[in-house]
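Here is the structure we will look at, set down as structure tokens.
Bear in mind that the values in this text are calculations on the coordinates, not laboratory data. Because the structure is a prediction, the values reported are computed rather than measured. All Cβ positions, glycine included, derive from the backbone under ideal geometry; neighbour counts span all protein chains shown.
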Number of protein chains: 2
Amino acid sequence: MPDSRPIGVFDSGIGGLTVVKALRELLPNEKIFYLGDTARVPYGSKSASTVERYSLEITEMLVGEGVKTIVVACNSASAVALPKLERILSVPVVGVILPGAKAAVAATRNRHVGVIGTRATIKSGAYETALSSLSSQVRVTARACPLLVPLIEEGWLNDELTDRVIVRYLEPLIREGIDTLVLGCTHYPLLSGAIEHALGPTTTLVDSARNCATAVQELLDRQQLRAPAGNSGSLEVALTDAPDNFMRVAREALQLDVGEVQLREVLHGAAKL
Amino acid sequence: MPDSRPIGVFDSGIGGLTVVKALRELLPNEKIFYLGDTARVPYGSKSASTVERYSLEITEMLVGEGVKTIVVACNSASAVALPKLERILSVPVVGVILPGAKAAVAATRNRHVGVIGTRATIKSGAYETALSSLSSQVRVTARACPLLVPLIEEGWLNDELTDRVIVRYLEPLIREGIDTLVLGCTHYPLLSGAIEHALGPTTTLVDSARNCATAVQELLDRQQLRAPAGNSGSLEVALTDAPDNFMRVAREALQLDVGEVQLREVLHGAAKL
């Protein structure tokens, strides 16, 4: 039975719009409601318990919007809050970690996968857990790259200084011999050109945004939640704080029609669920 | 009449410890209670209304600690929330903007002052307002430098890449002919060596942390709030989220004895005051 309710997508900020971009391309007749917690961005430098509490508050707001499924388009939130969200929420939840891990296992030939992300994501070991649940033979080298998000938000996307920061972060992973690199942060696809250049042609890049969108498509098909075929898709964007410079950067880099951005106040207290 | 209650200091995160360092040196027999809102750091990229709301919530918590005065050791919060805090709070409040502006007016010879800070601080125009209230003849060139805080928090303090980012940010200010630069963010004193190097010997650096400490001393003297002469000073640090890597960086760079860090939950709703 087709279901015309919107897909709810959330991220700590605006980086999750890379997932929205992939969803719009793959599922053009779905409605999407995006909620970015820009009043408390970033999650990636905060503790697991704080990220979990924020994720619960934000998903509660999405449930209030009548969504049919929730996409956690934030690696930090997926890394630490997904089990609890799956337990508590009445709608199915898709994170970015497992889809990315699956794609990495499929891509690697030498069974050595690199992962980059925020401090919270890397510290959680969520990719290691997901990868080892999929294959006992995959070795993982992970590195937190906390400067990449600020560089992206500054708009220094095609920039020699950004390239040098990327090289510094990636050099140890390349030296260790990874042949596949997971972009474990939804901001990072905006730097994929520069990251590919730093890695060279023999390393495969796994973009968690695109793989997450595919996982959403599979879930909707499996649970018969797809919008009616004739539906025209749409995108609504709400933020918990006024949009800043990065909204302009993201709009331009993603070529995404974001429309009028709504402002929402965070509902506190969901963490007590 | 001497007053042995603590001085309350707050910042969005840990950067305000540069103000604490200056206070400890200047007022060694005062007790200091420091509260860093690390659960919502940074303020500098958020909107004025969100920063004001957060500042009200945090100062409410400090008042609950029985402090005798509140130091807003955060330029973003000083820039947008100080008037409201002064109106609402029952204890005197000292910010970082006016002390820095006074020092800049005293230092400049060609009456052209540069200011660097976060997006929120620069966008507020608070330094321009403070400087023009002090002297009608000072010209201001301001620039937001959003990458400096993440670079400091990554611990890249003596680093060629950080130096190049600084040069890129400062070049337009140097070209415009400033002879004095205000470090309008309490993190920045941790980069003062590199910033001085980029500016060259003819430009004076104004450190808002040190000037703020002097303003606190003057306030305590004026209102007879100094601790009894024989008091032994102390420092208590509380954060709204668990300390991360940057606490280690700050401890080392500042040589500050922070002791055991306490965790406090944010009290929501103070904004309705």
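Highlighted here are the helices (runs of 4 or more DSSP H) found entirely within the range B:161-257 that include at least 1 residues which are surrounded by 20 or more Cβ atoms within 10 Å (Cβ to Cβ) and within 14 Å of another protein chain (Cβ to nearest Cβ): B:245-254.
Whether any residue in the range B:263-273 is charged (D, E, K, R), farther than 28 Å from B:Gly117 by Cβ, more than 14 Å from chain A (Cβ to nearest Cβ) and more than 21 Å from the chain's Cα centre (by Cα) is what I want to check. Steps first, answer last, please.
Initially, the range B:263-273 is screened for residues charged (D, E, K, R), giving B:264-265, B:272.
Adding the requirement that they be farther than 28 Å from B:Gly117 by Cβ leaves B:265, B:272.
Of the ones still in play, those that are also more than 14 Å from chain A (Cβ to nearest Cβ) are none.
Checked the range B:263-273: no residue is charged (D, E, K, R), farther than 28 Å from B:Gly117 by Cβ, more than 14 Å from chain A (Cβ to nearest Cβ) and more than 21 Å from the chain's Cα centre (by Cα).
When restricted to residues that are β-branched (Val, Ile, Thr) and over 22 Å from A:Glu30 (Cβ atoms), the range A:70-96 contains 2. Number of residues in the range A:129-187 that are farther than 26 Å from B:Ile152 by Cα and among the acidic types (Asp, Glu): the value is 2. Scanning the range A:132-160 for residues that are assigned to a loop (DSSP other than H, G, I, E, B), more than 9 Å from chain B (Cβ to nearest Cβ) and surrounded by 22 or more Cβ atoms within 10 Å (Cβ to Cβ) yields a count of 1. Here A:Ser124 passes the criteria (1) without any contact (Cβ under 8 Å) to a residue 12 or more places away in the chain; (2) within 14 Å of chain B (Cβ to nearest Cβ); (3) polar (S, T, N, Q) except the one numbered (1).
For first residues located in the range A:72-98 and more than 16 Å from A:Leu220 (Cβ to Cβ), partners that are surrounded by fewer than 18 Cβ atoms within 10 Å (Cβ to Cβ) and lie 6+ apart or on another chain with Cβ distances below 6 Å form the pairs A:Val80/A:Ala48; A:Ile88/A:Leu273.
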